[in-house]
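Notes for the one structure printed next.
The values are calculated or read from the model by the stated rules, or taken from the named source; none is laboratory data. Predicted, not measured: the structure shown is a model, and the values here were computed from it. Virtual Cβ from ideal backbone geometry, glycine too; neighbours counted across all protein chains shown. Note: areas computed on protein heavy atoms with side chains; ligands, DNA, RNA excluded. Shrake-Rupley method; radii C 1.70, N 1.55, O 1.52, S 1.80 Å.
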Amino acid sequence: MTAFNFQTGTIPAGFTLDEAGKLIHYKNGIVVAVPRANQSGWSGDAWLTFASAWGDVLLKVSWHDGTRWSGYQDFLVKKDDGRIGPSAKLPQHAQKIAIGRAKKNANDTEDDIPVSWLFEIAE
């Protein structure tokens, strides 16, 4: 039988990035430290998913593998959908994950819609 462990949290209100992906301020972003993902022998498969309510939220997410950042991947977290996340497990060797709200367009002012993250690892 596979055991699952998880951790969850929320993304703070306020935009981290503008509609072009340029930094507004890092105080509104978060960094999630994770066990080195998907390493044979000591840790299991790992996933990161997101959920929102009352509105749609654009998140930009980047993974660090101990050497470099991956660059941002966009996740449009829709209130009417289930949880969303990468279509596969976290990249191998991922050690930390930067997550920030981004403006969907220049007129986006909805920077406080509730959105949460869920990290799961199978052992």
Worksheet entry | Looking only at region 25-44, and only at residues there that are more than 12 Å from His93 (Cβ to Cβ) and in contact with a Ser or Thr (Cβ under 9 Å, 6 or more places away or on another chain), the one that is modelled with the lowest pLDDT | Gly44
Item to complete: Could you grab me the full set of residues in region 60-89 that are in a strand (DSSP E or B) and acidic (Asp, Glu)?
Response: Asp74
Response to the item:
When region 1-22 is checked residue by residue, the ones that are surrounded by fewer than 17 Cβ atoms within 10 Å (Cβ to Cβ), of a type in the set (A, V, I, L, M) and modelled with pLDDT of 95 or more are Ala13
Fill in: Tabulated pairs, region 35-53, first open to solvent by 50 Å² or more (accessible area, probe 1.4 Å), second modelled with pLDDT of 60 or more and in a strand (DSSP E or B), C-beta under 6 angstrom, 6+ apart or interchain
Asp45/Ala122; Trp47/Glu120
Item to complete: Exactly one condition in (1) exposed (fewer than 14 other Cβ atoms within 10 Å of the Cβ); (2) over 16 Å from Thr16 (Cα atoms) is not met by Ala106; state its number.
Response: (2)
Worksheet item: What residue, of Ala53, Ala106, is closer than 21 Å to Ala13 by Cα, modelled with pLDDT of 90 or more and touching a Pro at 6+ places or on another chain (Cβ under 6 Å)?
Response: Ala53
